[in-house]
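Undergrad: Just passing along the structure, written as structure tokens.
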Amino acid sequence: MVEPLKVGLAGLGTVGSAVVRMLGQSRDALTLRAGRPIELVAYASKDPPKDKGIDLGKAKKVSDPVALAKDPGIDVFVELMGGEGDPAKAAVEAALGQGRPVITANKALIAKHGVALAKLAEKNNAAFSFEAAVAGGIPVVKTLREGLGGARITRVYGILNGTCNYILTRMYKERLSFAACLKEAQRLGYAEADPSFDIGGFDTAHKLAILTSLAFGSEVDSEAIYVEGIETLSLADLEAADELGYRVKLLGVAQRTETGIEQRVHPTMVPKGSVIAEIDGVLNAVAIDSDMLGLTLVGPGAGGPATSSAVVADLVDLASGRRSLPFGRPAASLSKPKRAPMQRHEGGYYIRLAAVDRPGTMAIIAKGMAGENISLESIVQRHPGLRPHGGDDPKSAEGPAPVILITYATTEDAVRRALAAVEREGVLAEKPQVIRIEKS
Ligand code: NDP
Ligand code: HSE
């Protein structure tokens, strides 16, 4: 009789419950793939499991996740509680410190402590895997770590947060409110325990930091990331983007530039018809450009079933003895990242201004742009109180006039200075809305 892989799992929320369900439902297939059974023998959980239908069998309950991580009766510790601090961090350190393999979906933890934890794992010859931490069910960690080992990657970017993509899709397609879409994403198990991580762009930043390290062989550097979330986007922006031939997505982008690695997270206009523009709902997409090839991976980025697929894939690798270093190379050999400042970012911009409707306003806006050598691809002034599709709003008939500018390629610095100059003239009724454009 082959010895099973004995699993200790902490956290029976959306992902933890789905992992237990999958281990039960796919037991025979997993045994064949792994060459031995994968068995849940112990778990730590504050509450009863989120999914009431799961079968915990004879697994024993341990009250303290750190005690579970140290339990000699388990072969692998699976951390699915979340959070960059304790108990997740303490438990992962306890397991790795004893040479016990760890599997986690916790991107916040990896983004903050990934390199230190990888060093601890390597020192103690313990496997440390986190496929589920980036883009849910998409096997992008493995792709970067192993599949693209021969390529020199120049850019990695994409939609990395299911909750935000779900919100933006439903707002745009069904004209639902931001709040209603977020509530539904929470109900479906897509959102983080604190959803401000999703809508504020921080969850995307955590994932981008991990991808950047895997793609460029540099230490995880989440503090270098420029982050903007989707909270300030309005339906007016999504509709204006549509009219101009774009869709709005929250993108994470990491690319090599002449000055270093640029890492940024922000709402982005992408041309309709491009692969990224067509990714809707909870789907994620990760595009990878390299000297040898380019490819895009697409799949569900959040939710119990998709994420448990990635966690269980890590368990199968471990059970069958397949092993990789956490970041695909010794953690001590990861380079110190050279940061490219956001101010130097170059690209096109969508700018929506709420302009005071009086003579001379357009001239002031044009002068502000010209003063920074910003060329405009298009400029549209709408009637005050008219929404982009022409629906009259009598209440705002006397309000500011929306002015929408699309710039040719320019720099972040130039746009910020130009807008500051226009704001100083007192012709804007609201803070300008700026959305960067990614052409390909
Ligand atoms: P949930 O909030 O649904 O589940 C986390 C569970 O851990 C909760 O049941 C929580 O209990 C429990 N927990 C917290 N502290 C302890 C503790 N001290 N002892 C025992 N149990 C504890 O989160 P998810 O399942 O959604 O996420 C888990 C991890 O997976 C996170 O790192 C998340 O970022 C990541 N992830 C989530 C995805 C998703 O789609 N949901 C996708 C990819 C990754 P309580 O509720 O009582 O606090
Ligand atoms: N809250 C995350 C998301 C979960 O919506 O993408 C998957 O990492």
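Undergrad: I'd like the residue in segment 30-52 that is at pLDDT 95 or above and either more than 18 Å from Gly8 (Cβ to Cβ) or in contact with a His (Cβ under 7 Å, 6 or more places away or on another chain) (or both) and, out of all such residues, is nearest to ligand 1 (Cβ to nearest atom).
TA: For segment 30-52, the residue satisfying everything is Arg33.
Undergrad: Identify the single condition in (1) more than 16 Å from ligand 2 (Cβ to nearest atom); (2) surrounded by fewer than 19 Cβ atoms within 10 Å (Cβ to Cβ); (3) under 29 Å from Pro195 (Cβ atoms); (4) among the charged types (D, E, K, R) that Glu122 does not satisfy, given that it satisfies every other one.
TA: Here Glu122 meets the rest and fails (3).
Undergrad: While we're on this one: Residues Gly114, Gly99, Gly57, Gly82: which one is within 16 Å of ligand 2 (Cβ to nearest atom) and on the phi > 0 side of the Ramachandran plot?
TA: Every option except Gly82 fails the conditions.
Every residue, every condition in (1) touching a helix residue (DSSP H, G or I) at 6+ places or on another chain (Cβ under 6 Å); (2) of a type in the set (Ser, Thr, Tyr), yes or no:
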| position | (1), (2) |
| --- | --- |
| Ala151 | no, no |
| Thr154 | no, yes |
| Tyr157 | no, yes |
| Ile167 | yes, no |
| Glu174 | no, no |
| Ala180 | no, no |
| Gly189 | yes, no |
| Ala193 | no, no |
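Undergrad: When segment 55-64 is examined, which residues are found to be more than 11 Å from ligand 1 (Cβ to nearest atom) and either in a helix (DSSP H, G or I) or of a type in the set (Asp, Glu) (or both)?
TA: Passing the criteria: only Asp55.
Undergrad: Taking the condition of being within 17 Å of Val102 (Cα to Cα) and within 26 Å of the chain's Cα centre (by Cα), how many residues in segment 1-44 meet it?
TA: 8
Undergrad: Moving to a separate point now. Looking only at residues in segment 1-13 that are under 21 Å from Gly303 (Cα atoms) and crowded, with 24+ Cβ neighbours inside 10 Å, which one is nearest to ligand 1 (Cβ to nearest atom)?
TA: By that ranking, first place goes to Gly11.
Undergrad: Under 23 Å from Phe216 (Cα atoms) and either in a strand (DSSP E or B) or away from ligand 2 (no atom under 16 Å from the Cβ) (or both): which single residue out of Val298, Val380, Val316 fits that description?
TA: Result of the check over Val298, Val380, Val316: Val298.
Undergrad: As an exercise: evaluate Thr257 against (1) of a type in the set (Val, Ile, Thr); (2) within 16 Å of ligand 2 (Cβ to nearest atom); (3) in contact (Cβ under 8 Å) with a residue 60 or more places away in the chain and give the number of the one condition it does not meet.
TA: (2)
Undergrad: Using the structure shown, decide if Arg170 is away from ligand 2 (no atom under 16 Å from the Cβ) and in contact (Cβ under 8 Å) with a residue 12 or more places away in the chain.
TA: no
Undergrad: Oh, and also: Being basic (Lys, Arg) and closer than 24 Å to Gly136 by Cα is the filter here; which residues of segment 47-92 pass it?
TA: Matches in segment 47-92: Lys50, Lys52, Lys89.
Let's see how each residue does on (1) β-branched (Val, Ile, Thr); (2) touching a helix residue (DSSP H, G or I) at 6+ places or on another chain (Cβ under 8 Å); (3) outside the structural domain of Val19 (by TED's automatic domain parsing):
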| position | (1), (2), (3) |
| --- | --- |
| Ser234 | no, no, yes |
| Leu244 | no, no, yes |
| Glu258 | no, no, yes |
| Glu262 | no, yes, yes |
| Ala277 | no, no, yes |
| Ala285 | no, yes, yes |
| Val311 | yes, yes, yes |
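Undergrad: Can we say Leu144 is away from ligand 1 (no atom under 16 Å from the Cβ), farther than 29 Å from Ala241 by Cβ and in contact with a helix residue (DSSP H, G or I) (Cβ under 8 Å, 6 or more places away or on another chain)?
TA: yes
Undergrad: Looking at segment 301-321, is at least one residue within 16 Å of ligand 1 (Cβ to nearest atom), under 17 Å from the mean Cα position of the chain (by Cα) and under 18 Å from Tyr157 (Cα atoms)?
TA: Within segment 301-321, one or more residues are within 16 Å of ligand 1 (Cβ to nearest atom), under 17 Å from the mean Cα position of the chain (by Cα) and under 18 Å from Tyr157 (Cα atoms).
Undergrad: Taking Asn165, is it within 12 Å of ligand 1 (Cβ to nearest atom) and under 30 Å from Glu438 (Cβ atoms)?
TA: For Asn165, the condition - within 12 Å of ligand 1 (Cβ to nearest atom) and under 30 Å from Glu438 (Cβ atoms) - is not met.
Undergrad: Out of Ile279, Ile288, Ile225, Ile230, I need the residue that is crowded, with 21+ Cβ neighbours inside 10 Å, without any contact (Cβ under 8 Å) to a residue 60 or more places away in the chain and away from ligand 1 (no atom under 16 Å from the Cβ). Which one?
TA: Unique residue meeting the criteria: Ile225.
The values are calculated or read from the model by the stated rules, or taken from the named source; none is laboratory data. This one's a predicted model, so the numbers in the text were calculated from it and none came from an experiment. As a convention, Cβ positions derive from the backbone with ideal geometry for all residues, glycine included, and neighbour counts pool all protein chains shown.
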